[in-house]
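Visitor: A single structure is presented below for examination.
The values are calculated or read from the model by the stated rules, or taken from the named source; none is laboratory data. Keep in mind the model is a prediction, meaning the values are calculated, not measured. Here the Cβ is made from the backbone with ideal geometry for all residues, glycine too, and neighbour counts use every protein chain on show. Note: accessible area is taken over every heavy atom of the protein model, side chains too, but ligands, DNA and RNA are not part of it. Shrake-Rupley method; radii C 1.70, N 1.55, O 1.52, S 1.80 Å.
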Amino acid sequence: AGLPLVAIVTRLPDPPPPTPRPTHFPLSPFTAAFQDMVDAYGVPQYGELNPALPMIASFPFLFAVMFGDVGHAAILTAAGAVLVAFEGRLAGPAARAEMFGMVYGGRWIILLMGLASVYTGLIYNDCFARSMAIFPSAYSLDRSTGEVTRKSPTAVYPFGIDPVWNRAANAMALTNSYKMKQSILFGLVQMTFG
């Protein structure tokens, strides 16, 4: 007759949750600014697609869809080209000045946004908010009456919006509607992809 055996139960601590694998993306001066923009919203986890890569093409283009003006875009392109061309000389001042450092860090984005905006500015036929007559119009305008007639049933303006549209009563409604619908469609595609 012995003493009863008492079970000794020792609760072991739960195993620590597995630590997520670190994410590392090799960056160049060209891709660093795009990666910084993505990381501002969240760092992609291990095994996920890095959204910075498709963003290199889509972000400047979506900016250009909203900003398409050849004149302003030429200034933006020139500023970006200067920052890129003299990046070695400007690195020191950029490190010392917070505001200029941000602009310097986004030099490739500025250049790409400017180039894409030149392209969409040509499509929108806008230069400092004025139309350009690069090609002959498909319409003839009677300046005394303001009447617009088509030159022939097959006549089309070769690239972009015909400058005669700026004389139309619905010019603002047409171009703004065109730009807004494009922006929404491209933004929807980008967000769906993201």
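Visitor: Hey, how many Å between the Cα centroid of the range 81-122 and the Cα centroid of the range 22-65?
Guide: 17
Visitor: Run the simple label-point estimate for D14 and F100 please: 7 Å along Cα→C-beta, distance reported in nm.
Guide: 5.3
Visitor: Continuing with this model, one more query. Set Lys and Arg Cβ to +1 and Asp and Glu Cβ to -1, take the dipole of the chain about its Cα centre, and tell me which of G47, G92, L115 lies farthest positive.
Guide: Of the candidates, L115 comes out farthest on the positive side.
Visitor: Let a ≥ b ≥ c be the square roots of the eigenvalues of the Cα gyration tensor of the range 80-134; is it rounded (a/c under 1.5), or, if not, prolate (a/b larger than b/c) or oblate? Can you show the working numbers first?
Guide: Numbers: a/c = 3.67, a/b = 3.08, b/c = 1.19.
Verdict is prolate for the range 80-134.
Visitor: Out of the total accessible area of the range 51-194 (probe 1.4 Å, heavy atoms of protein only), what percent is carbon and sulfur?
Guide: The computed percentage sits at 70.
Visitor: How do 40-49, 94-103, 114-123, 159-168 rank on mean C-beta neighbours within 10 Å, highest first?
Guide: 114-123, 159-168, 94-103, 40-49
Visitor: Could you state, as a whole-number percent, how many of the C-alpha pairs of the range 28-160 are farther apart than 21 Å?
Guide: On the way: 4948 of 8778 pairs.
Value for the range 28-160: 56 percent of Cα pairs lie more than 21 Å apart.
Visitor: Would you be so kind as to identify all helices of the chain, as entire DSSP H runs, whose Cα atoms reach 27 Å or more along the helix's own axis and whose mean Kyte-Doolittle hydropathy is at least 0.5?
Guide: 171-193
Visitor: Under a point spin-label approximation (7 Å from Cα along Cα-to-Cβ), what is the A168-V148 distance to one decimal in nm?
Guide: The answer from the label model is 0.5 nm.
Visitor: How much FRET efficiency would the formula 1/(1 + (r/R0)^6) give for F25 and E87, where r is the Cβ-Cβ distance and R0 is 30 Å, rounded to 0.05?
Guide: After rounding, the FRET efficiency stands at 0.90.
Visitor: What FRET efficiency comes out for the pair M132/A78, r = Cβ-Cβ distance, R0 = 22 Å, nearest 0.05? All intermediate terms of the calculation are to be shown ahead of the outcome.
Guide: Numbers: r = 19 Å, r/R0 = 0.84.
The computed FRET efficiency comes out at 0.75.
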